[in-house]
Amino acid sequence: MKANQLFTLALAGLLSAGTLVSCRDAGRDGVRSENERLRDADQNTDTAITRQGVRDHTNVDTEWEEFRTTSEQKLKENESRLDNFREKMEKSDEKLRNKYNKTVTTLEERNKEMRKKLDEYKKEGGMKWEEFKEEFNRDMDELGKAIQDLFKDNK
């Protein structure tokens with residue numbers, strides 16, 4: 001009987017050891033596959049970030065070109081309006097010409113400064129682009145209003 005109990009105990013020990021070893025290996029496989037899954041997720045994230053960066057850069061390029069075209073058009077309109085005003089002033093009396101000459105010259109200089117800012121801007125993404133765009137638009141609006149006020153004052 002003791003042999004039978006010893007045999008049962010040995011069999012139970014072997015089964016337990018086999019179960020523990022297989023669980024440990026399964027745990028390693030689980031950890032290994034989890035690590036591989038995380039590594040794949042990191043690679044996918046890096047790829048997505050790279051693609052997003054390319055997309056963002058493309059959007060900034062497109063937005064910049066549209067902004068530049070629109071701004072150049074506004075600058076040309078300002079030049080044209082100031083040239084027309086100057087021509088009208090040449091036909092008026094000297095007192096009126098003297099009154100508006102300095103103002104027109106100042107506005108022409110501001111328009112040239114705006115063109116220089118636009119020409120010298122180096123494309124940058126993110127906050128620098130947004131800051132430039134906001135400041136430039138604000139300055140352009142102020143210049144446009146000043147030119148418009150010049151025409152109102154002259155009427």
Applying the selection to the range 134-155, what residues are modelled with pLDDT under 95, touching a Phe, Trp or Tyr at 6+ places or on another chain (Cβ under 9 Å) and surrounded by 11 or more Cβ atoms within 10 Å (Cβ to Cβ)? ILE147, LEU150, PHE151, ASN154
Considering only the range 102-131, state which residues are among the hydrophobic types (A, V, I, L, M, F, W, C) and either surrounded by 15 or more Cβ atoms within 10 Å (Cβ to Cβ) or in a loop (DSSP other than H, G, I, E, B) (or both). VAL104, LEU107, MET114, LEU118, TRP129
Check off (1) surrounded by 10 or more Cβ atoms within 10 Å (Cβ to Cβ); (2) modelled with pLDDT under 65; (3) over 30 Å from LYS123 (Cβ atoms) for MET1 and give me the number that stays unchecked. (1)
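The values are calculated or read from the model by the stated rules, or taken from the named source; none is laboratory data. Not measured: the values here are computed from a predicted model. A quick note on method: Cβ atoms are made from the backbone with ideal geometry, for glycine too, and the neighbour counts reach across all protein chains shown.
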